[in-house]
Amino acid sequence: MDIRQDAPAARFAALTTAHVADACLRAGVPVRCAPAAVVPVLPGRRLAGRVRPARHAGSVDVFLEAIERATEGDVLVVDDGGRTDRACVGDLVVLEARAAGLAGLVVWGAHRDTADLVAVGLPVFSLGATPSGPLALDPRPAGALEHARVGPLTVGPRDVALADDDGVLFVPADRAGELFDLAESIRDTERRQADRIRAGDSLRAQVGFGAYLAAREADPALTFRAHLRAVGGAIEE
């Protein structure tokens with residue numbers, strides 16, 4: 001894969017996280033999605049870039065250090081343990097990330113200064129907003145700049161973060177090029193199918209659904225996915 005920092009954003013620009021998730025399934029790569037509660041502060045924002053992790057312990061310095069180490073186009077992935085009783089990210093951190101050329105933030109925790117974040121415009125995905133900042137300083141965890149947790153996932157610089165209105169997806173950086181190729185193929189197939197539906201050719205006809213139902217009568221173990229693979233369909237692949 002071309003590991004230039006602008007490559008993920010350029011390849012992802014005409015794709016969706018759904019396309020790439022389907023590509024992971026087809027390629028045998030684990031589909032690693034952030035929990036559905038992680039949503040964009042401002043709908044319509046997208047991001048793609050190498051993960052730059054930071055584990056929060058109550059002080060902003062870990063974010064500044066992560067940004068200091070970052071390369072333009074990275075995504076700051078903040079691990080605050082999924083807490084929503086305090087905000088760990090606000091307008092100053094997001095402004096600093098934008099000034100450093102980062103692609104955006106994914107926060108396993110809460111944010112504040114929502115109106116200011118919307119004005120800044122940098123994509124931020126989080127568990128929601130709360131007015132309170134940290135009330136205590138905890139010991140800095142080991143490996144605070146090496147990996148971050150997002151729900152059940154552990155991610156780090158060997159991962160690429162992709163996000164849009166459907167959510168956040170993490171893929172291995174060394175498989176990203178392959179996955180983007182597959183995602184583009186899936187996208188193109190689905191667009192052709194959608195165009196044919198609009199022209200009056202139903203999806204059932206396109207995938208031979210009647211033939212599938214008949215074949216399933218003869219072989220109850222036949223799955224729709226197996227049928228689609230036989231006829232070259234894209235859905236459920």
Calculated [θ] (222 nm, deg cm²/dmol) that DSSP helices of n ≥ 4 give over the chain, each run adding -39,500 (n - 2.57)
-10500 deg cm²/dmol
According to a simple spin-label model (label point 7 Å from Cα along Cα-to-Cβ), what is the distance in nm between Asp181 and Arg149?
3.7 nm
Compute the helix-to-body angle for 17-27: its Cα long axis versus the longest principal axis of the chain, expressed 0 to 90° and rounded to tens.
60 degrees
Which ³J(HN,Hα) values, rounded to whole Hz and listed in residue order, are derived for segment 61-78 from phi using the Karplus coefficients 6.51, -1.76 and 1.60 in 6.51 cos²θ - 1.76 cosθ + 1.60 with θ = phi - 60°, glycine and proline given as x?
4, 5, 5, 5, 5, 4, 5, 4, 7, 6, 10, 3, x, 5, 10, 6, 9, 9
Kindly write out, for segment 158-166 in residue order, the coupling ³J(HN,Hα) from the Karplus curve 6.51 cos²θ - 1.76 cosθ + 1.60 (θ = phi - 60°), rounded to whole Hz, with x marking Gly and Pro.
7, 10, 10, 9, 10, 8, 8, 5, 7
Here the convex hull volume per residue of the chain, taken over Cα atoms and given in Å³, is 138 Å³
Check Val77: other-chain or 5+ apart residues with amide H under 5 Å from its amide H, H built from backbone geometry?
Arg52, Ala54, Val106
Write down Rg/Rh for segment 180-231, rounded to two decimals, with Rg from the C-alpha atoms and Rh from the Kirkwood relation over Cα pairs.
1.06
What are the ³J(HN,Hα) couplings of segment 192-207, residue after residue, when phi is run through the Karplus curve with 6.51, -1.76, 1.60 and θ = phi - 60°? Round to Hz, x for glycine and proline.
5, 5, 5, 4, 5, 4, 4, 7, x, 9, 4, 5, 4, 5, 4, 9
Label point 7 Å out from Ser132 along Cα-to-Cβ: which residues of segment 63-104 have amide N under 19 Å?
80-91
Backbone N under 18 Å from the Arg225 label point (7 Å along Cα→Cβ), restricted to segment 172-195
183, 186
Taking R0 as 22 Å, what FRET efficiency do you get between Arg196 and Asp174 from their Cβ-Cβ distance, rounded to the nearest 0.05?
0.05
Net charge of Cβ neighbours under 13 Å - reference Val62; Lys, Arg +1; Asp, Glu -1
-4
Under-5 Å amide H pairs with Leu102, H placed in peptide plane, nonlocal only
Gly73
For the Asp165, Ala142 Cβ pair and Förster radius 35 Å, calculated FRET efficiency rounded to 0.05 is 0.50
If you count only protein heavy atoms and use a 1.4 Å probe, how large is the accessible surface of Arg187, to the nearest 10 Å²?
30 Å²
Among Ala205, Ala173, Ala23, which one moves the most in a GNM of the chain with springs linking Cα atoms closer than 10 Å?
Ala205
Where the only charges are on Cβ atoms (+1 Lys, Arg; -1 Asp, Glu), what is the dipole of the chain about its Cα centre, to the nearest 20 debye?
400 debye
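The values are calculated or read from the model by the stated rules, or taken from the named source; none is laboratory data. Worth saying up front: this structure is predicted, and the values here are computed from it rather than measured. Because the Cβ atoms are built from the backbone with ideal geometry, glycine has one as well, and the counts that use them run over all protein chains shown. With ligands, DNA and RNA removed, areas are computed over all heavy atoms of the protein, side chains included. Shrake-Rupley method; radii C 1.70, N 1.55, O 1.52, S 1.80 Å.
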